[in-house]
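**Student:** This is the structure I have questions about; it appears just below.
Readers should treat all values here as calculations from the given coordinates under stated rules, not as data from a laboratory. This is a predicted model, so every value here is computed, not measured. Cβ: placed from backbone, ideal geometry, glycine included. Neighbour counts: every protein chain shown.
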Amino acid sequence: MSFSELMPLLPMITLAVASAIMVLLIAFCRSHNVAGFFSALSLILALFFTLNMNALAPQEVTALFYVDKYAVFYVALILVCSLIVIMLSWLYPGLKSAVQPELFVLIMVATLGASGMVCSKHFVSFFLSLETLSVAAYVLIAYLRVGRAYEAGIKYLVLASVSSAFLLLGIGLVYFELGTLDIGHLSELMARHQGMSLFVTAGLAMILVGVGFKLAVVPFHMWAPDIYQGAPAPVTAFIATVSKGAVFAFALRYLSVATNHEYGKLSLVISLIAIASMFGGNLLALLQRNVKRLLAYSSIAHAGYVLVAFQASGEMALQAVAYYLVVYFLSTLTAFGVITVLSNEQYEAENISQFEGLAWKHPLLAAIFTVAIFSLAGIPLTAGFVGKFYVLSAGIRSELWPLVFSLIASTAVGIYYYLRVVVTMYHLPGREAEASESRLCLSPIGCAVLSVLGLAVLYLGIYPARLMEIISQAMSGLI
Amino acid sequence: MILVWFILIPVIAGILAWVVAKWSHSLTRWISLFAVLAAFVLSVSVWIGSLGLLKDSALNTWLFMFEKAWIPQFGVSFFLAMDGLSLLMVVLTLFLGVIAIGCSWTEIKEKVGFYYFNLLWAVGGIVGVFLALDLFLFYFFWEMMLIPMYFLIAIWGHEHRVYAAIKFFIFTQACSLLLLIAILALYFLNYQKTGIYTFNYLLLLQNPVAGEIAFWLMLGFFIAFAVKLPAFPLHTWLPDAHTEAPTAGSVLLAGILLKTGAYGIFRFVIPLFPLAAVEFAPWASLIGVIGIIYGAVLAFAQTDLKRLVAYTSVSHLGFVLLGAFTFNEWAFQGAIMQMVCHGLSTGGLFFLVGLMYERIHTRDMEEMGGFWKIAPRLSGVGLFFSFASLGLPGLGNFVGEFLILLGSFQKNVPLTAVAALGVVAATIYSLWIVQKAFHGETKPLKLADLSVREMSLAAVMIVTLVWLGVYPQPLFDTTRMVVKSILSLEGLL
């Protein structure tokens, strides 16, 4: 194996080397700014190398990785999201004061795991990437070392380990019956079998449990609200976007492998999970007064929406998933970005009452948050609408009527809690409150970053054609 | 390109108004007024200019068209077009837009910039709904007009504004999603038949959907429009939203937002699914008649003046629904007439209630009385709009209701007879308003009479209503070709 063979993996190699350098750097220079700057720089460098990756695709890299345009697209998406998360972490007041620059290393390691997962075509590389991602995530969640963060970190550690155990056992069972860990070969081997093998069925079901946990879909969603609430806002944004996105990208690529044959009955289970997630997420969110918990439940519902597109067939489904993920990531990052910027050193702006009258105290931030929330609710002019439109098109095209109608009904329910957040922001201050009303002073850099994000959400809602083109090029190779 | 300006003028002016509010509130008001007035004058000049064209052209001519690719992957284009019906609706929208700005002049004192931004964007969105002929674009505007409307109610409304705003939004949004499903299903059916992905209305019109699926798609469209209209079981958002909205919000809601529902039935439900619409017509007419009676009875039971006016809308729009599903020229023309006149008369009543609330801070009719002595001008205007609302001959509403009943009499006599009772009920509640508020015992309230600004706004509406009642011919000329082209569809007669 020569070095040139590894060239397509250059973005990942960059991340790994940069993480190692950063560990050394931090040992000598404990500066929040330097660490933040260096990690952002290395992510930009990695992002630059995806161009190279794109030029070489499609190519098989050892037995473990397969780099095609689909993988390149998702690696690029993950890197962009991580870059935004790094900027948010840099802005996060609770971290600025503590000067704990290791956080940036952990984010980069987790990003490395996520990018690796997207490219993996072998159970070994998949599991290794997943663990790289998860182990970094345990630490990230508990990073602030206060009571709630500890609780969230431990919870995630225990539950994620259990789900990894399920995943491993599932992989083992599939290997026992079929004798391969190469996911690309599974399809042929499964087709050769007559009828359904008990071991393979059980194995696939267990893999589904493991994946379902990572995606936080009902009934594997219990961890999401606590972890979303307990982790620092930028880390929550990371868990909600990068870690989920990687699993989605991996699962979508190989889902057809599992459902093409007699194991198609599994797809019924996925449909049920989708419906349960859409309703469960949206209904439970109705009761929340904590914005981070609310976004956690909303993310459960969004995972359900993506699963609707999963169930649809053809190229349109792939495009719909990709578009929806981009949109959802952007909106979620924007929403958590606003929470980050509004937080101070002791408290996070997570209670809904802290948003009261925000529109009059800081109109720009309120406008950005409104755009993000409207986008999550799927209202036109924002990217969320186009995403939902795409998913619905894919669903209707494959005539998945029960899923489509569940999506509609649960979206209608969801609007209530999204609107409640918006209404709170536009609450007119009473007479007494008016006297004490002061304009908030927030970091101009934070506002600039968030404005760019908010404008991106609007841009993708008004002019989605360009992104659709990119996505359709990236997805065309897969089928 | 002129069509784009109808949307762009309010949208750009809205942003401008918001920006300048930092320095001067009165500049914000003048910019808003000037922009909508300019758009209105433009629309009227287009109307006058094309009146001759509308009168004697061949079937189904579009006055203006504008098309530009938007999302080519999906076959979505930015496709605007205008015929007689949409022209009329645009003129009405911009007219009531001017009125709405006029009646917020002194009412709105807080967050003025954001208020006018929302008002102007709502107007822009509604104009977009009337002009869009690409179904995706139509849905886009259909939703876009909701957001500013929602803010108008939720921020500047009365006591229960948050509840009303959220209810309004959820009702319309949930049913709009049904519309979205129907649009997408139509889109894919068309693709299966022709191999072209398109949302273009004119292309979709060439390949009508047949069979049972057409009925379900029609129902999807119908329900979305019926919520806006509002038709009987889906109307419950309306009294809350109308009552809690600021005056301009109520004027816009009653005056034009409800008309988007009726417009949708004329533009999409009937032409796209003529056979299914005929099949469904008895039920739709029945829903319309139930709405007429139910709205009138509930209106009579209210003590909150604004709520009363809101329920009369349910009654009046029931006539429109009845007319739209009667499929003959009288009823169609009557329904369109009723749409315009209801916009003016109910808009006028809401305007008046808003004025009274601004002065005496109550909408409770029990606390009103004897206004005629203290404020004769206000009471006179009130009397006029009440009469318009009850359908007094010589005013526009009479022409509309009369034509609808005339048309439906030829289709279904018993249903028409019941619907005619609605006119009687309208007389009762309208006179009830006059009796309660303007006559009777004089209550010790301080009530200033109308100012010059308010009087001139009222005068414009009064003159228009009288004009429509005495000489409605220009209106009929404007929409005749549209009506004829709908009626010439296969299977409608």
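**Student:** If amide H atoms are built 1.01 Å from N in the plane of the peptide, which residues on other chains or at least 5 residues away come under 5 Å of the amide H of residue B:78?
**Tutor:** The answer is B:68, B:69, B:70.
**Student:** Here's something else I'd like to know. Work out, step by step, the length gained on full extension between residue A:3 and residue A:269: first 0.36 nm times the residue separation, then minus their alpha carbon distance; give nm to one decimal.
**Tutor:** Full extension from residue A:3 to residue A:269 adds 91.4 nm.
**Student:** Excluding same-chain residues fewer than 8 positions from residue B:55, which lysines have a Cα within less than 23 Å of its Cα?
**Tutor:** Cα-Cα hits under 23 Å: B:484.
**Student:** Follow-up question, since we're still on this one. Taking 8 Å as the Cα distance limit and 6 or more residues as the minimum spacing, I'd like the relative contact order of the stretch B:242-327 as a percentage.
**Tutor:** Across the stretch B:242-327, relative contact order equals 35 percent.
**Student:** Same structure again: Among B:22-34, A:380-392, A:289-301, how do they line up by average Cβ neighbours within 10 Å per residue, starting with the highest?
**Tutor:** In descending order of packing, they fall as A:380-392, A:289-301, B:22-34.
**Student:** Still on this structure, please answer the following. Dipole of chain B, Cα-centred, from +1 at each Lys and Arg C-beta and -1 at each Asp and Glu C-beta, to the nearest 20 debye?
**Tutor:** 600
**Student:** Ranked highest first by average number of other Cβ atoms within 10 Å, how do A:33-44, B:123-134, B:407-418 line up?
**Tutor:** The packing order, highest mean first, is B:123-134, A:33-44, B:407-418.
**Student:** Given 0.36 nm per residue, what is the gain on full extension from residue B:2 to residue B:361 after removing their alpha carbon distance, in nm?
**Tutor:** 125.0 nm
**Student:** Highest first, please rank the peptides A:5-11, B:227-233 by the mean number of other Cβ atoms sitting within 10 Å of their residues.
**Tutor:** B:227-233, A:5-11
**Student:** What FRET efficiency comes out for the pair residue A:60/residue A:364, r = Cβ-Cβ distance, R0 = 35 Å, nearest 0.05?
**Tutor:** With a Förster radius of 35 Å, E is 0.15.
**Student:** Per residue of A:91-103, count partner chain C-beta atoms within 10 Å of its C-beta, then hand back the mean as an integer.
**Tutor:** Whole-number average of other-chain Cβ neighbours for A:91-103 is 0.
**Student:** Which far-off residues, 5 or more places away or on another chain, put their amide H under 5 Å from the one on residue B:64, with H placed in the peptide plane?
**Tutor:** Close amide H contacts, sequence-distant or interchain: B:82.
**Student:** Another question, then. Would you work out which of A:344, A:11, A:280 lies farthest towards the positive end of the dipole of chain A? Charges go on Cβ: Lys and Arg +1, Asp and Glu -1.
**Tutor:** After comparing all options, I get A:344.
**Student:** Compute the acute angle (0 to 90°) between the alpha-carbon long axis of helix A:401-425 and the principal axis of greatest extent of the alpha-carbon atoms of chain A; round to the nearest 10°.
**Tutor:** The answer is roughly 20 degrees.
**Student:** Identify, among A:136, A:172, B:275, the residue whose Cα sits farthest towards the positive end of the charge dipole of the protein assembly as shown, taking +1 on the Cβ of Lys and Arg and -1 on the Cβ of Asp and Glu, with the dipole about the Cα centre.
**Tutor:** Value: A:136.
**Student:** Against the longest principal axis of chain A, how steep is helix A:69-91, in degrees 0 to 90 to the nearest 10, with axes from Cα atoms?
**Tutor:** Computed tilt is about 30 degrees.
**Student:** Related question: Mind checking the mean number of beta-carbon atoms from other chains within 10 Å of the Cβ atoms in B:135-142?
**Tutor:** 2
**Student:** What does the charge dipole of the stretch B:282-427 about its Cα centre add up to, to the nearest 20 debye, if the Cβ of each Lys and Arg holds +1 and the Cβ of each Asp and Glu holds -1?
**Tutor:** 120
**Student:** Oh, and also: Dipole magnitude of the protein assembly as shown about its Cα centre, charges +1 at Lys/Arg Cβ and -1 at Asp/Glu Cβ only, in debye to the nearest 20?
**Tutor:** Here the protein assembly as shown has a charge dipole of around 1000 debye.
**Student:** Under 26 Å Cα to Cα from residue B:167, which lysines show up? Leave out anything in the same chain fewer than 8 places away.
**Tutor:** Qualifying lysines at Cα under 26 Å: A:292, A:388, B:109, B:111, B:228, B:259, B:306.
**Student:** A further question on this structure: Take the alpha-carbon centre of the stretch A:153-197, take the same for the stretch B:211-281, and report the distance between them in whole Å.
**Tutor:** 52
**Student:** Picking from B:1, B:407, B:258, whose Cα lies most toward the positive end of the charge dipole for chain B (charges on Cβ: Lys, Arg +1; Asp, Glu -1)?
**Tutor:** Of the listed residues, the answer is B:1.
**Student:** Applying the Karplus parametrisation 6.51 cos²θ - 1.76 cosθ + 1.60 with θ = phi - 60° to the phi angles of the stretch B:104-114, what ³J(HN,Hα) value in whole Hz is obtained for each residue in order, glycine and proline being reported as x?
**Tutor:** Whole-Hz 3J(HN,Hα) from phi for the stretch B:104-114: 8, 3, 9, 5, 9, 10, 10, 6, 4, x, 5.
**Student:** Tell me, what ³J(HN,Hα) does each residue in the stretch A:377-389 have, in order and in whole Hz, if you take phi through Karplus 6.51 cos²θ - 1.76 cosθ + 1.60 with θ = phi - 60° and put x for Gly and Pro?
**Tutor:** With the stated coefficients, the stretch A:377-389 comes to 7, x, 9, x, 5, 10, 4, x, 5, 4, x, 5, 4 Hz.
**Student:** Now for a separate question. Just want to confirm a number: the relative contact order over the stretch B:1-157, from Cα pairs under 8 angstrom separated by 6+ residues, in percent.
**Tutor:** Relative contact order of the stretch B:1-157: 31 percent.
**Student:** Take chain B, mark every one of the GluC sites (Glu not before Pro) that falls in a DSSP loop and has at most 13 other Cβ within 10 Å, then report the longest stretch left between them, sites excluded.
**Tutor:** Maximal segment without exposed cleavage sites: B:160-440.
**Student:** On to the next question. Using only helices, what value at 222 nm comes out for chain A when you add -39,500 (n - 2.57) per DSSP H run of length 4 or more and divide by the total residues, to the nearest 500 deg cm²/dmol?
**Tutor:** -25500 deg cm²/dmol
**Student:** Relative to the longest principal Cα axis of chain B, at what angle does helix B:329-360 sit, 0 to 90 degrees, rounded to 10?
**Tutor:** 30
**Student:** With θ taken as phi - 60° and the coefficients 6.51, -1.76 and 1.60, list the Karplus ³J(HN,Hα) couplings across the stretch A:166-177 in order, rounded to whole Hz; mark glycine and proline as x.
**Tutor:** 4, 4, 4, 4, x, 4, x, 5, 5, 5, 4, 7
**Student:** If you don't mind, there's one more thing I want to ask. In terms of modelled amide H atoms, which long-range or inter-chain residues lie less than 5 Å from the amide H of residue A:122?
**Tutor:** Excluding prolines and chain starts, which carry no amide H, the hits are A:183.
**Student:** Per residue of A:408-417, what is the mean number of Cβ atoms on other protein chains within 10 angstrom of that residue's Cβ?
**Tutor:** So the per-residue partner count for this stretch is 4.
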